[in-house]
Amino acid sequence: MVDIAVVDYGMGNLRSVRQALRAVAPDASIAVTSEPNEVTQAARVVFPGQGAMPDCMRELDARGLRAAVLQAARSKPFLGICIGLQMLFEHSDEGNIPGLGILPGKVVRFAANLRDAQDNKLKVPHMGWNQVHHADHTLWQGIPQDARFYFVHSYYVQPFDDALVKATSCYPQPFVCAVARDNLFAVQFHPEKSQSAGLTLLKNFVNWNPV
Amino acid sequence: MLAKRIIPCLDVTAGRVVKGVSFVELRDAGDPVEIARRYDEQGADELAFLDITASSDDRGILFRVIEQVADQVFIPLTVGGGVRHVEDVRNLLNAGADKVSINTSAVLNPQLVEDAAGRYGSQCIVVAIDAKQVNPGQWEVFTHGGRKASGLNAVEWAKNMQKLGAGEILLTSMDKDGQRSGFDLALTRAVTDALEIPVIASGGVGNLQHLVDGVKLGGADAVLAASIFHYGEYTVQQAKQFMAQHGIEVRL
């Protein structure tokens, strides 16, 4: 049994997630794994994701990981990252597919032809460092309000329950970039690539004991 | 709101950082791991590594450099140079790169961009374009480190790469590279206006005003520079403060 399982379903590189966790939890055992049993037995689970959500859902199921992820998301400290956040919801406009349906809401694309207040074109993907305006939650401890995190995504989540929302960012309209419920926390940005703010969030996660 | 990114670029050969003028006359600028750590501490938003010789002997050295950097520096890393096959993309991602830039091979085999983006996602595929002005308002794509003309129009090529799945364009002006007289702003503006994906302006930065101009006049989403940082003229932090004073949103 490991302290932290990073769910690996073959979509992208999880090296940086593992290394960032090692940096904040040098004594923890960390497994990057596609074994459902290892996910089920781990004390904490990190659920990352890159690329297109339909591919991610397909590969997750191809490895038989769905049940283990559902169980972990309902029972132990669980951190979703990027597509790992989006997959928790009921539906995604990317490929028009159902998600895992753990949280009520959907995943939608940024509109085309976005403009900022100075009428500059806003590109999609939303890529780079944006400010994160957070609500109260243990995982934000020690992170200044409106600190910048690194994002790269073209879709974002629209939860149907406002109580889930734990942070928003603006591009140019506010969008939800972090959600939480009970033992579950999930973010749109990449904490593993967000320097000190990101490492602080990961450290808070590995020390988090939700009731 | 989203910050404009400052990306120090490390041209690497045989495990050392070097810097040339207009793609020739290389000078040694130091150890890549040490330099990467310094830029991270100064607040760099990303780092770009270009393997400028990209010989098979150097490949192993580059992988070790990227691994060492990725273990210590928790910001995005873009790595390019000599990427010919989807396996090259995979190997660089496995070594710790977050994005891989493809230049000559995209021209020789555009399918590579589509395959790599399809396999690993557009977010990690950067197409690097080396462009040279051939007529006012017209630029041609060059390959092989700027030695071969491709016959391709740079703006059209960038649009084509976006269509095939590139997540970002790294645009270098060959006319300006190493000249320290500023970006080719007309080129930057022409490409960024034609695309929906972000554009990194590269080639020609000699002072901090050039970075401001690249964003404000060129419309770049990110600015890349090498020599102004390597030789200690400016820190990344100074560059960001200067940009902030000029009304540009940056991560301070």
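The values are calculated or read from the model by the stated rules, or taken from the named source; none is laboratory data. No experiment lies behind these values; they were computed from the predicted model shown. Positions of Cβ are backbone-derived with ideal geometry, glycine not excepted, and every protein chain shown enters the neighbour counts.
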Report the residue count in the range B:175-220 for those that are more than 14 Å from every other protein chain (Cβ to nearest Cβ), closer than 28 Å to B:Leu164 by Cβ and part of a helix (DSSP H, G or I).
-> 3
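Condition first: modelled with pLDDT of 95 or more and under 13 Å from A:Pro54 (Cα atoms). Now tell me which residues in the range A:95-109 satisfy that. Reasoning before the result, please.
Taking the range A:95-109 and keeping what is modelled with pLDDT of 95 or more, we get A:96-109.
The answer is A:Asn96, A:Ile97, A:Pro98, A:Gly99, A:Leu100, A:Val107.
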Do we find a residue being modelled with pLDDT of 95 or more, within 14 Å of another protein chain (Cβ to nearest Cβ) and in contact with a Lys or Arg (Cβ under 6 Å, 6 or more places away or on another chain) anywhere in the range B:222-235?
-> yes
Is the range A:107-119 home to any residue that is under 18 Å from the mean Cα position of the chain (by Cα), of a type in the set (Gly, Ala, Ser) and surrounded by fewer than 20 Cβ atoms within 10 Å (Cβ to Cβ)?
-> no
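Can we say B:Gly30 is touching a helix residue (DSSP H, G or I) at 6+ places or on another chain (Cβ under 6 Å), at positive phi and either buried (at least 19 other Cβ atoms within 10 Å of the Cβ) or more than 9 Å from chain A (Cβ to nearest Cβ) (or both)? Please lay out each step first, then the result.
Working: touching a helix residue (DSSP H, G or I) at 6+ places or on another chain (Cβ under 6 Å): no; at positive phi: yes; either buried (at least 19 other Cβ atoms within 10 Å of the Cβ) or more than 9 Å from chain A (Cβ to nearest Cβ) (or both): yes.
Taking the combined requirement at face value, the residue does not satisfy it.
Filter the range A:163-210 down to residues that are within 14 Å of another protein chain (Cβ to nearest Cβ) and either touching a Pro at 6+ places or on another chain (Cβ under 6 Å) or closer than 14 Å to A:Ala147 by Cα (or both), then give me how many there are. Spell out how you get there, then give the answer.
Here is the first cut: in the range A:163-210, the residues within 14 Å of another protein chain (Cβ to nearest Cβ) are A:168-175, A:177, A:188-203.
Checking which are either touching a Pro at 6+ places or on another chain (Cβ under 6 Å) or closer than 14 Å to A:Ala147 by Cα (or both) leaves us with A:168-170, A:177, A:189-191, A:193-202.
Looking only at that region, the number is 17.
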In the range A:136-162, how many are farther than 17 Å from A:Phe205 by Cβ, free of Cβ contacts under 8 Å to residues at least 40 places away in the same chain and away from every other protein chain (no Cβ under 14 Å)?
-> 2
With the checklist (1) within 13 Å of A:Cys82 (Cβ to Cβ); (2) in contact with a Ser or Thr (Cβ under 9 Å, 6 or more places away or on another chain); (3) within 14 Å of chain B (Cβ to nearest Cβ) in hand, flag the one item A:His133 doesn't pass.
-> (1)
Counting just the residues of the range B:57-105 that are more than 15 Å from A:Asn13 (Cα to Cα), of a type in the set (S, T, N, Q) and in a helix (DSSP H, G or I), which one comes out farthest from the other protein chains (Cβ to nearest Cβ)?
-> B:Thr104
From (1) under 26 Å from A:Met127 (Cα atoms); (2) within 14 Å of chain B (Cβ to nearest Cβ), pick out the condition that doesn't hold for A:Pro26.
-> (1)
What number of residues within the range A:182-196 satisfy the criterion of being touching a residue at least 24 places away in the same chain (Cβ under 8 Å) and surrounded by fewer than 20 Cβ atoms within 10 Å (Cβ to Cβ)?
-> 2
Options B:Leu185, B:Leu217: the member that is surrounded by 17 or more Cβ atoms within 10 Å (Cβ to Cβ), modelled with pLDDT of 95 or more and farther than 16 Å from B:Ser101 by Cβ | B:Leu185
A:Ala112 passes all but one of (1) within 25 Å of B:Ala44 (Cα to Cα); (2) at the interface with chain B (Cβ under 9 Å from one of its Cβ atoms); which number fails?
-> (1)
Only one of these is of a type in the set (S, T, N, Q), away from chain A (no Cβ under 14 Å) and without any contact (Cβ under 8 Å) to a residue 12 or more places away in the chain: B:Asn135, B:Asn153. Name it.
-> B:Asn135
